[in-house]
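Worksheet for the structure shown next.
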Amino acid sequence: MSEKHGHQTMSDQNKAVVLLSGGMDSCVCTAIARERHGAGNVALLHAMYGQRTEKRERQAFEEIADFYGVQERLVVKLEHFRAIGGSALTDRGIPVPENELGATGPGENTIPVTYVPFRNAHFLSVGVSWAEAIGARAIYIGAVAEDSSGYPDCRPEYYRVFQELIRMGTKPETEIEMVTPVIAMKKSEIIRRGRELGAPLHLTWSCYQGEELACGKCDSCLLRLRAFGEAGITDPIRYRQRAAGRA
């Protein structure tokens, strides 16, 4: 299922598709793409995949898109992730770890239980299809490798391989560049870059389990709060609980 907003036509070769979850990293990624490609050359893609905070993330997406005045939007519903399960984000039978930054999965698995199996490949596949259809020449994703939860589909080599898949799986005349502008940055650096670009960080949502107030206890909240603390900036969103020592 999908929902489209805005008239879609083949455009100039400077257009970029940005995967915008509604989170902090993808918001700054959007700001970077807008700076590089121009305000009128950014198309925003959002995926709803049965995650716990699906409605709240959709709200963040729409508010960020409105902030930037982006009319070309695509929202897709990848409901099979809930049926597949295997992640605390999509299976309510698996609790989201709290106050355990870097908590691993079952059986001493180094990958957190909040990892959604091979999720980013699904998102990128939709992104490539849309980019090829509208003539976009770049796909931006706000993956972060080092200062993050350690998901395998956020590693630089993953995107290098996906770039080759794009080349092999699209029309011969199609040229789409895979762009990961924040992948090597610390979260605090992403925040500072967002501030420089005037990104609406106050509209973003990172919490894995709260939809009215951020919980302040899940892995994503802890990473976010730590990053704002390191950046010396107060996080503009409201929390039910802020961990001791966090900004």
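May I ask you to verify whether I190 is in contact (Cβ under 8 Å) with a residue 24 or more places away in the chain, open to solvent by less than 20 Å² (accessible area, probe 1.4 Å) and within 15 Å of the chain's Cα centre (by Cα)? Yes. Among the criteria (1) under 28 Å from G69 (Cα atoms); (2) of a type in the set (D, E); (3) in contact with a Phe, Trp or Tyr (Cβ under 7 Å, 6 or more places away or on another chain), the one E175 does not fulfil is (3). Beta carbons closer than 7 Å, at least 6 apart along the sequence or on distinct chains, pair a first residue in the range 146-160 that is under 18 Å from C218 (Cα atoms) with a second that is open to solvent by 20 Å² or more (accessible area, probe 1.4 Å) and basic (K, R) for D147/K186; D147/K187. Restricting Q241, Q209 to residues that are closer than 29 Å to Y49 by Cα, touching a residue at least 60 places away in the same chain (Cβ under 8 Å), polar (S, T, N, Q) and assigned to a loop (DSSP other than H, G, I, E, B) narrows the list to Q209.
Among the criteria (1) open to solvent by less than 40 Å² (accessible area, probe 1.4 Å); (2) under 21 Å from E175 (Cα atoms); (3) touching a Leu at 6+ places or on another chain (Cβ under 7 Å), the one H46 does not fulfil is (2). Residues that are free of Cβ contacts under 8 Å to residues at least 40 places away in the same chain number at least 1 in the following strands (runs of 3 or more DSSP E) confined to the range 7-89: 42-48. Identify all residues within the range 116-149 that are at pLDDT below 95 and under 15 Å from the mean Cα position of the chain (by Cα); write none if there are none. Once the filter is applied, which keeps residues that are at pLDDT below 95 and under 15 Å from the mean Cα position of the chain (by Cα), the range 116-149 yields A145, D147, S148, S149. Residues satisfying the criterion are absent from the range 94-102 (criterion: in contact (Cβ under 8 Å) with a residue 40 or more places away in the chain, over 23 Å from D147 (Cα atoms), of a type outside the set (A, V, I, L, M, F, W, C) and crowded, with 16+ Cβ neighbours inside 10 Å).
When the range 144-198 is examined, which residues are found to be more than 30 Å from V113 (Cα to Cα) and assigned to a loop (DSSP other than H, G, I, E, B)? Give the steps one after another, and end with the answer.
So the first thing to find is which residues in the range 144-198 are more than 30 Å from V113 (Cα to Cα), and the list is 167-177, 195-198.
If the condition is that a residue be more than 30 Å from V113 (Cα to Cα) and assigned to a loop (DSSP other than H, G, I, E, B), then T170, K171, P172, E173, T174, E175, I176, G198 are the ones that fit.
I'd like the residue in the range 212-228 that is assigned to a helix (DSSP H, G or I) and in contact with a helix residue (DSSP H, G or I) (Cβ under 8 Å, 6 or more places away or on another chain) and, out of all such residues, is farthest from D66 (Cα to Cα). Top of the filtered list is R226. Applying the set (1) within 29 Å of L101 (Cβ to Cβ); (2) crowded, with 20+ Cβ neighbours inside 10 Å; (3) free of Cβ contacts under 8 Å to residues at least 60 places away in the same chain to E196 leaves exactly one unmet item: (2).
Test V179 against the criterion of being surrounded by 15 or more Cβ atoms within 10 Å (Cβ to Cβ), of a type in the set (A, V, I, L, M, F, W, C) and over 13 Å from L124 (Cβ atoms), and give yes or no. Lay out the reasoning, then the answer.
Working: surrounded by 15 or more Cβ atoms within 10 Å (Cβ to Cβ): yes; of a type in the set (A, V, I, L, M, F, W, C): yes; over 13 Å from L124 (Cβ atoms): no.
So V179 fails the test.
The values are calculated or read from the model by the stated rules, or taken from the named source; none is laboratory data. Given the structure is predicted, the values throughout are model-derived calculations rather than measurements. Glycine also receives a Cβ, built like all others from the backbone with ideal geometry; neighbour counts cover every protein chain displayed. We work out accessible area using only protein heavy atoms, side chains counted, and drop any ligands, DNA or RNA first. Shrake-Rupley method; radii C 1.70, N 1.55, O 1.52, S 1.80 Å.
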